[in-house]
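Rule-based calculations on the coordinates, nothing more; no lab input. From a predicted model like this one, the values you see are computed outputs, not experimental measurements. Here Cβ is always computed from backbone atoms with ideal geometry, including for glycine, and neighbour counts include all displayed protein chains.
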Amino acid sequence: MLDGMTGRSGVFRQSYGPFAVVVGASEGLGAAFAQELASRGMDLLLLARRESLLERLAAEIRSHHGVEVRCLPIDVAASDLGQRIEEATRDLEIGSLVYNAAFAPVGPFLERSDEELRRVAAVNMIGPMLFVRRLAPAMCRRGRGAIVLMSSLSGFQGSPRIAAYAASKAFNTILAEGLWGELRDAGLDVVASCAGAIRTPNFAETSQDDAPGTLDPAEVARRTLDGLTRGPRVVPGLLNKIVALLNGRILTRRAAIRLMAANTKDLS
Ligand SMILES: NC(=O)c1ccc[n+]([C@@H]2O[C@H](COP(=O)([O-])OP(=O)(O)OC[C@H]3O[C@@H](n4cnc5c(N)ncnc54)[C@H](OP(=O)(O)O)[C@@H]3O)[C@@H](O)[C@H]2O)c1
């Protein structure tokens, strides 16, 4: 149960609360972020398209952690997203944003439809910018807050068969770095969480086996939130840190792309 404003959860809530917004919270990593944030005493606004999953998670979190949980069914690719965010958050004091939603079409780039490519840009790139643009000003006025943009090791180099998705994740890493530089003097902690493989329902749909270093969603959520003050990048997991070092600093770009291609060739 929530231990009020004392202890670890009290400190977290004072720094980053009272409300956290989790975008893409209905299952997998987003649901794990919601659970982890609630265990740290945060009230929650949960967003995703599937309302029934959101409501089930919200009921579970309320009964386990005693925090306030609100749900908003929404497609973040909607053209009126900015207005919808404003309406949903007007009466809430939001101290944290976790942008977890993503669209990840798999297969040859030349087989992707216009609609898929537009959706990658809308969900993975426009969405995070609009949420930050709407929610960060109030955090800056209060002089405290947290922003997590979910990124990926696939964004450290070109990634064959997930080329558009990986490019959108590189965008999130660089966006988070720029925001870290702009907003730290206003008291905000910003991180790009550059995750390797995570056992989410999405991952299970595209991959037959666990890749080396695959983590559970709860561990990625915990490590990411623990790393909030160590921005601008967090890479959860030791093996993933080694891959990040190899692909980001040691290997040539060509070698890094080949290594990633060996990992993505069996995704379906
Ligand atoms: N899984 C991995 O191996 C892995 C590796 C590295 C990085 N990541 C990153 O970690 C994050 C989560 O990973 P995941 O892809 O495996 O997904 P996930 O955490 O299993 O779920 C994605 C969430 O986003 C929501 N969502 C998707 N499209 C949406 C839309 N248009 N509007 C609103 N909500 C939407 C989904 O809910 P609804 O369907 O109900 O809308 C779901 O709750 C992503 O940012 C991904 O890039 C994942």
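Quick notes on this structure:
- Built amide H within the under 5 Å cut-off of Ile198, gap 5+: Leu215
- Basic side chains Lys and Arg get +1 at the Cβ, acidic Asp and Glu get -1 at the Cβ, and with that the dipole of the chain about its Cα centre reaches some 840 debye.
- Of the GluC sites (Glu not before Pro) found in segment 44-114, the ones in coil according to DSSP and having at most 13 other Cβ atoms within 10 Å of their Cβ are Glu93.
- Relative contact order %, segment 7-264, counting alpha carbon pairs below 8 Å whose residues are six or more apart: 18 percent
- Among Gly17, Gly181, Gly127: highest mean-square fluctuation, GNM of the chain, C-alpha pairs under 10 Å: Gly181
- Considering only Arg50, Arg90, Arg70, the Gaussian network model of the chain with Cα springs below 10 Å gives its largest mean-square fluctuation to Arg90.
- Derived scalar couplings ³J(HN,Hα) [segment 190-203; Karplus, 6.51 cos²θ - 1.76 cosθ + 1.60; whole Hz; x for Gly, Pro]: 10, 9, 9, 8, 8, 7, x, 4, 10, 6, 9, x, 4, 5
- Here the Karplus curve 6.51 cos²θ - 1.76 cosθ + 1.60, taken at θ = phi - 60°, turns the phi angles of segment 84-92 into couplings of 5, 5, 4, 4, 6, 10, 3, 9, 10 Hz, with x standing for Gly and Pro.
- From its DSSP helices (H runs of at least four residues, each -39,500 (n - 2.57)), the chain gives a residue-normalised ellipticity at 222 nm of -14500 deg cm²/dmol.
- Residue order, fewest to most surrounding Cβ atoms within 10 angstrom, among Tyr99, Tyr165, Tyr16: Tyr165, Tyr16, Tyr99
- Under the Karplus curve 6.51 cos²θ - 1.76 cosθ + 1.60, θ = phi - 60°, whole-Hz ³J(HN,Hα) for segment 22-37, x wherever Gly or Pro sits: 10, 9, x, 10, 6, 7, x, 5, x, 5, 5, 4, 4, 4, 5, 5
- Averaging 1/r over each pair of different alpha-carbon atoms in segment 7-264 and inverting the result gives 18.4 Å, the Kirkwood hydrodynamic radius.
- Residue with peak Gaussian network fluctuation, the chain [Cα springs, cutoff 10 Å], from Ala192, Ala256, Ala78: Ala78
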